[in-house]
Amino acid sequence: TAVGRNALTANTDGTSNVAIGAYALDANTTADNNTAVGDSALKANTTGANNTAVGSLSLTANTTGINNAALGAQSLDTNTTGSCNTGIGRNALFSNTTAGNNTALGYDALFANTTGANNTAVGKDSLTANTTGTQNIAVGAFAGDAIDTANYNTAMGYAALSSDAGDANVAIGR
């Protein structure tokens, strides 16, 4: 199903796709079971299957990544091949390219993440500077917001662990 200018135009064998909005799923060729709602949602997707993108420019650069969910304008915007990511909120997981198994909930949560995997960020700007760090957990606005390459950290509470202190730290409270 396609509604909008250049929505699902390159599709050849892909089935069970829904594209609503200008350029939604525009490059899709053979991928199945994708839902794209919003201007340029899943625009570059070619063979990535089982993705859901709701919001303008969500999952825009995704080409072959599978099982991703993006809800909010520009969520998972630069993701190309990363799989099993969930970004909810404007700019959530915005810079993610190839990393997988990340969950970001909140405005700019995991914003700078590119290749860091298995991270969970809940709250505005939580883990926002993380680029390559893995297995970090941050819950609360600005929690872990300075962590960029560190691994195995847990930050709970407003602005908890707001300095990049290396690996394997636990901070509860401000």
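Per-residue extension of 0.36 nm, minus the Cα-Cα distance of ILE172 and THR12, leaves a gain of 52.4 nm for this segment.
Residues whose amide H falls under 5 Å from that of ALA160, counting only those 5 or more places apart or on a different chain, are ALA143, GLY144, with hydrogens built in the peptide plane. Across the range 18-99, what fraction of all alpha-carbon pairs, as a whole percent, falls in each successive 10 Å bin from zero upward? Computed distribution, short to long bins: 26, 63, 10.
Sequence-distant contacts, meaning Cα pairs under 8 Å at least 6 residues apart, place the relative contact order of the chain at 10 percent.
Between ARG5 and THR149, the modelled label-to-label distance comes to 4.4 nm, taking each label 7 Å out from Cα in the direction of the beta carbon.
Close amide H contacts of LEU71 (hydrogens built in the peptide plane, cut-off under 5 Å, sequence separation of 5 or more or a different chain): VAL54, GLY87, ILE88, GLY89. Counting only protein heavy atoms, what percent of the accessible surface of the range 61-174 is carbon or sulfur at a 1.4 Å probe? The value for the range 61-174 is 59 percent carbon and sulfur by accessible area. With the cut-off at under 18 Å, measuring from each backbone N in the range 30-66 to a point 7 Å along the Cα-to-Cβ line of ASN101 picks out 65-66. Listed values for the range 4-19 are Karplus-derived 3J(HN,Hα) couplings in whole Hz (6.51 cos²θ - 1.76 cosθ + 1.60, θ = phi - 60°), namely x, 4, 6, 7, 6, 6, 8, 4, 10, 10, x, 10, 6, 9, 10, 10, and x replaces Gly and Pro. Using θ = phi - 60° in the Karplus curve 6.51 cos²θ - 1.76 cosθ + 1.60, the 3J(HN,Hα) couplings for the range 139-151 round to 10, x, 4, 6, 5, x, 5, 9, 5, 10, 10, 6, 10 Hz; x is entered for Gly and Pro. Once the mean of 1/r is taken over each pair of separate Cα atoms and inverted, the chain shows a Kirkwood hydrodynamic radius of 15.4 Å. Put simply, the amide H of ALA138, placed in the peptide plane, has neighbours under 5 Å in THR120, ALA121, VAL122, ALA155, leaving out anything fewer than 5 places away on its chain.
In terms of overall dimensions, the range 82-174 has a Cα radius of gyration and Dmax of 10.9, 33 angstrom.
The values are calculated or read from the model by the stated rules, or taken from the named source; none is laboratory data. What you see is a predicted model, and the numbers here were worked out from it, not measured in a lab. Here the Cβ is made from the backbone with ideal geometry for all residues, glycine too, and neighbour counts use every protein chain on show. Remember, those area values only see protein heavy atoms, side chains included, never the ligands or the DNA or RNA. Shrake-Rupley method; radii C 1.70, N 1.55, O 1.52, S 1.80 Å.
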